[in-house]
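To start, the structure itself, in structure tokens.
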Amino acid sequence: GGAVRFEAVRFAYDPERQILRGIDISVPAGRTLAVVGPSGAGKSTLARLLFRFYDVTGGRLLVDGQDIAGVTQASLRHAIGIVPQDTVLFNDTIGYNIGYGREGASQAEIQAAAQGAAIHDFILSLPDGYETRVGERGLKLSGGEKQRVAIARTLLKNPPILILDEATSALDSRTEAEIQATLSAVSERRTTIVIAHRLSTIVDADEIVVLDGGRVAERGSHAALLEAD
Ligand code: ADP
Ligand code: ADP
């Protein structure tokens, strides 16, 4: 599962100002879509509509063929995991931060789930390894390490749909590249929507949509759009 479809989606936070002016996007289950465009284009708004933080003001949004207007926010949260740009960790250990949301889970259970969800690469790629660092305080981590923890936390829920909302754009380019390389492997078999400002930071995507002024300005394969850039 995990197919996502925007059908003529329109949205306005305020009736005086249209933010999305008819968006048609279809992401087959297991594929990766990148949404790029300038700040204010409406990229994060697409993610908020998927979570039903807001409801569309026109058109339809479907997950696995079902109009999400009839689906609760709670069940959408099981289906969709998001990694935001600015991760705020709890003032607690890395282990707690990764396991947050899995109430009562022991470290062993978290580790087992991490293996099952094929995310142990992420945790193990913390410098010095998970074992020695799981008890360390999350607030002491570098930006790149924090994002690894945030990604591990989201992947642990094993959501069929993964949204990366500028998840690596605040990092230096080397750390960004390292994390994206691991992410490509991890996101291979789940529907993934990558949100970014710049096309140049997209490593891999089946389709790229360029959003501008609330409309799809351009769309195409990764190779074709990079060539035109
Ligand atoms: P992007 O992710 O592409 O930077 P956003 O989806 O965050 O764009 O925002 C699109 C537009 O919607 C912007 O003009 C922004 O100011 C406006 N906007 C975002 N959130 C709200 C909100 N909660 N209330 C009113 N306007 C908003
Ligand atoms: P978590 O276990 O990470 O808290 P939840 O299922 O409770 O996950 O929440 C779903 C996700 O929604 C969270 O990861 C959170 O980062 C994200 N989120 C919260 N507010 C917003 C927002 N305004 N726009 C986009 N995503 C958001």
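Worth pointing out:
- Output for region 49-58, where each listed residue is open to solvent by 80 Å² or more (accessible area, probe 1.4 Å) and within 10 Å of ligand 2 (Cβ to nearest atom): F53, Y54
- Looking only at residues in region 5-43 that are small (G, A, S) and within 10 Å of ligand 1 (Cβ to nearest atom), the one that is surrounded by the fewest Cβ atoms within 10 Å (Cβ to Cβ) is S39.
- Condition check for R133 on (1) modelled with pLDDT under 85; (2) away from ligand 2 (no atom under 16 Å from the Cβ); (3) closer than 29 Å to G1 by Cα: one failure, at (3).
- When I82, I98 are checked against the criterion of being under 18 Å from K157 (Cβ atoms), in a strand (DSSP E or B) and within 15 Å of ligand 2 (Cβ to nearest atom), I82 stands alone in meeting it.
- Within the option set L61, L76, L46, being crowded, with 20+ Cβ neighbours inside 10 Å and within 12 Å of ligand 2 (Cβ to nearest atom) holds for one residue only, L46.
- V83 at pLDDT 95 or above and closer than 27 Å to S169 by Cβ: no
- Boolean, V88 is over 22 Å from V210 (Cα atoms) and not charged (D, E, K, R): yes
- Pairing residues of region 157-176 that are away from ligand 1 (no atom under 15 Å from the Cβ) and open to solvent by less than 30 Å² (accessible area, probe 1.4 Å) with residues that are in a loop (DSSP other than H, G, I, E, B) and of a type in the set (K, R), at Cβ distances under 6 Å and at least 6 apart in sequence or on separate chains, gives L162/R190.
- Within region 44-79, considering residues that are of a type in the set (S, T, Y) and part of a loop (DSSP other than H, G, I, E, B), the one nearest to ligand 1 (Cβ to nearest atom): Y54
- Any hit, region 201-211, residues being within 16 Å of ligand 1 (Cβ to nearest atom) and of a type in the set (D, E, K, R): no
- Pairs where the first residue, in region 39-56, is of a type in the set (D, E) and the second is open to solvent by 50 Å² or more (accessible area, probe 1.4 Å) and more than 8 Å from ligand 1 (Cβ to nearest atom), C-beta under 6 Å, 6+ apart: none
The values are calculated or read from the model by the stated rules, or taken from the named source; none is laboratory data. Here the structure is a predicted model, which means the values were calculated and not measured. Don't worry about glycine lacking a Cβ; one is built from the backbone with ideal geometry, like all the others, and counts go over all protein chains shown. Side chains included, ligands, DNA and RNA excluded: accessible areas come from the protein's heavy atoms. Shrake-Rupley method; radii C 1.70, N 1.55, O 1.52, S 1.80 Å.
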